[in-house]
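Encoded as C-alpha cells, the structure appears first; notes follow it.
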Amino acid sequence: MTGSIKTIFIFFLVVVSINFFEAQFLDEKTFTYLQFFYMAIAIILSLPYFFHRRTGFVFPVQLMVVSILFSMVMAYVSWGQDFPDSLKATVPLLTWIFFFYLLEKRVEIDILEKIILIYGFIYVALYFYQVLNSDVVLFGWGDELEVDRGVLRIVFPGGGVFILASFIALNKMSSKSSHRFVWFLMALAGPVVTFLQATRQFIFAVFFLYLFHLLKESRLYKKIVIVAGFVIFIIIMLRSENLIFTGLAEAQKMTVQQGRDYIRFVSGYYFLSEFSPNTASRIFGNGLPYGEKSSYGIFVENLKDRGIYMTDVGLIGMYALYGIFSVLAFILIWIKSFKISLPKEYYYLKYYLWFLLITSLTSSAVFFPYFLISTVFVLYIYQSILENQICETEVDPDGLE
C-alpha cells in the first residue's frame, strides 16, 4: 500500500471495527458482512508479521492473539460449536493482530493521533445529536432510550476512541501551544460526556486520571487549589440534589445493600466456577459464542435472562472466553505500562491503559470490539516510542524495563 492508501485503510478500519457506531438506519446484514470482510483483510495483511521478535508489548499481544485463536478450538471441543460459526464470531475480536501490521509499516504516530481525534469529535457530535433526538434510537442497542440514574442514559458505541481522544487532548493541551482551543474542547468533552452517561466506573476512572494529570507536576499551591476546587464542586452538586448525582448515589447505595447478591458478584462467581464444562476450558477458555446461531450461543443468551452477562465482569468474562493466558497478557501489558518510561507528550498512552485497568473488573472495555482498535493503537504507539528510545540510546531493551 502507498502511504495515502494505507492511511485511508486505517481510517475506515476504525469505523468498521466499532461497527459504524451501531447506526440503526444502516442495513444490519449488509454492514455485518462488510465488517467481517474488512476485518478479515486487516488480519490477512497482519499475519505475515506476527512472528517478528521484539521486546516490549510484542509478547503480550502475541499471547492474546494465540489465546483468542485457540479458544475457537475449545468452543468446538467443549460446546460443539462449528469452526465457521466460531470464525464469524471471532474475526472482529482479532483486531489485536493489526498491531503487527502497524509495527511493520511504521505508521506515523501523528497520523494515528489525528485519526483518533477526528473520531473523538465525531463521537461527541453523534452523541449530542442522539440526545437532541431522543424520541428514536439512532445509534446503539435497544428499542428505546430510558431515563436512568436521573439522566437520559445513552451509553454510546465507540467509547474506546472517545476515551483515548480525550486523554490525547488533555495531554496536548498541557504540552502544545498551538490549537489549544481544539484540545480544550475535546479534553472538556471527556469528563462531561462520561458524566452524562452515568456509568460509575467510567466516571471514577476518567475523573481520577484527569486529576492525576493536573496534579502530577503542579506546584503545591496549585495542587491544593485543584483538589479543593474539586471537593467543593462535589459538595455543591450533592447538596443541589442534582439528578445525576442523586441517581448515582442511589445506584451505589443499592449495590452496597445487595452485598453478595449484587449481580456482578453473582456473574463473576458463575463464570469463574460454574460456566466452563471441563478443566481444559477452565485453562484455555470456551471461545466466543455465535449469537443464537449455535447451541452454545443460545445457552449464553439464556444466561442474560438471569442477569448474567460476560460484559459486566471484565477480566472474568474475558477469562471465560479466552482462558488464563489472555488475562496474563493484560497483566503483562499493565506491568509494562508502569515500568516503561515515556516522554511527557505521550502520557496519554499510560492514561488509556490505566483506564482499562481501573475498569477491568466492571466493564467489557478490556475485550469488547469497540475498544480494541484504540487499544491496538495505544500499544503500537507505546511500542514505537520504546523502540525509538532503544535505537537512540543503544541500551539493552531489558535495561529500560
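Would you look at the GNM of the chain, springs on alpha carbons closer than 10 Å, and say which of Ser360, Ser134, Ser384 moves the most?
The residue with the greatest mean-square fluctuation here is Ser134.
Would you mind checking region 48-88 for residues with the amide N under 15 Å from a putative spin-label position 7 Å along Cα→C-beta of Cys391?
Residues 54-55 fall inside that zone.
For Lys339, list the lysines whose Cα falls under 24 Å from its own Cα; do not include residues on the same chain fewer than 8 positions away.
Partners within reach: Lys172, Lys216, Lys350.
Would you give the gap between the C-alpha center of region 80-139 and the C-alpha center of region 311-380, rounded to a whole Å?
16 Å
For region 58-65, just list the computed ³J(HN,Hα) in residue order, Karplus coefficients 6.51, -1.76 and 1.60, θ = phi - 60°, integers in Hz, with x standing in for Gly and Pro.
Karplus values, whole Hz, x for Gly and Pro: 4, 4, x, 5, 4, 4, 5, 4.
Give me the extension gain from Thr30 to Asp82: residue separation times 0.36 nm, minus the current Cα-Cα distance, reported in nm with one decimal.
Using 0.36 nm per residue and subtracting the Cα-Cα distance, I get 16.4 nm.
For Phe212 and Phe184, what does the FRET efficiency come to when R0 = 22 Å and r is the distance between their Cβ atoms, rounded to the nearest 0.05?
0.75
Pick out, from Phe9, Trp334, Gly291, the residue whose Cα sits farthest towards the positive end of the charge dipole of region 3-400, with +1 on the Cβ of Lys and Arg and -1 on the Cβ of Asp and Glu.
Trp334
For Ser174 and Ile111 in one chain, what is 0.36 nm times their gap in residues minus the Cα-Cα distance, to one decimal in nm?
20.7 nm
What ³J(HN,Hα) values, in whole Hz, does the Karplus curve 6.51 cos²θ - 1.76 cosθ + 1.60 give for region 8-17 when θ = phi - 60°, with x put for Gly and Pro?
Whole-Hz 3J(HN,Hα) from phi for region 8-17: 5, 4, 5, 4, 6, 4, 4, 5, 5, 5.
Stretched out fully, how many nm does the piece from Ile235 to Arg306 gain, at 0.36 nm a residue minus the Cα gap?
Stretched fully, the Ile235-Arg306 segment lengthens by 21.8 nm.
GNM on the chain, C-alpha springs below 10 Å: top fluctuator among Val91, Val231, Val124?
Between Val91, Val231, Val124, it is Val231 that shows the largest mean-square fluctuation.
Estimate the FRET efficiency between Ile331 and Phe11 by the formula 1/(1 + (r/R0)^6), using the beta-carbon distance for r and 45 Å for R0, to the nearest 0.05.
E(calc), rounded to 0.05, equals 0.90.
For the pair Ile226 and Arg153, what calculated FRET efficiency results from E = 1/(1 + (r/R0)^6), where r is the Cβ-Cβ distance and R0 = 22 Å, to the nearest 0.05?
With a Förster radius of 22 Å, E is 0.15.
What list of ³J(HN,Hα) couplings, whole Hz, do you get for region 322-337 from phi and the Karplus terms 6.51, -1.76, 1.60, once you set θ to phi - 60° and write x for glycine and proline?
Values per residue, Gly and Pro as x: 10, x, 4, 6, 5, 5, 4, 4, 5, 4, 5, 4, 5, 4, 5, 5 Hz.
Spin-label point model (7 Å from Cα, Cβ direction): what's the Phe59 to Ser134 distance in nm?
Inter-label distance under the simple model: 5.1 nm.
What's the local net charge at Ser267, with K and R +1, D and E -1, over the other residues with C-beta under 11 Å away?
+1
Pick out which of Leu353, Leu321, Leu303 has the largest mean-square fluctuation in a Gaussian network model of the chain, springs linking Cα atoms closer than 10 Å.
It is Leu303.
Please list the non-local residues whose amide H lies under 5 Å from the amide H of Ala23, H modeled 1.01 Å from N, same-chain partners needing a gap of 5 or more.
The answer is Gly140.
Could you check the simple spin-label distance between Ile298 and Ile283, using points 7 Å along Cα→Cβ, in nm with one decimal?
For Ile298 paired with Ile283, the spin-label model returns 3.1 nm.
How much net charge surrounds Phe31 when only other residues with a Cβ under 15 Å from its Cβ are counted (Lys, Arg +1; Asp, Glu -1)?
-1
Run the simple label-point estimate for Phe121 and Leu47 please: 7 Å along Cα→C-beta, distance reported in nm.
Going by the 7 Å Cα→Cβ label model, 3.8 nm.
FYI, it's all coordinate maths here, none of it is from the lab. Everything numeric in this text was worked out from a predicted model, so none of it was measured. Positions of Cβ are backbone-derived with ideal geometry, glycine not excepted, and every protein chain shown enters the neighbour counts.
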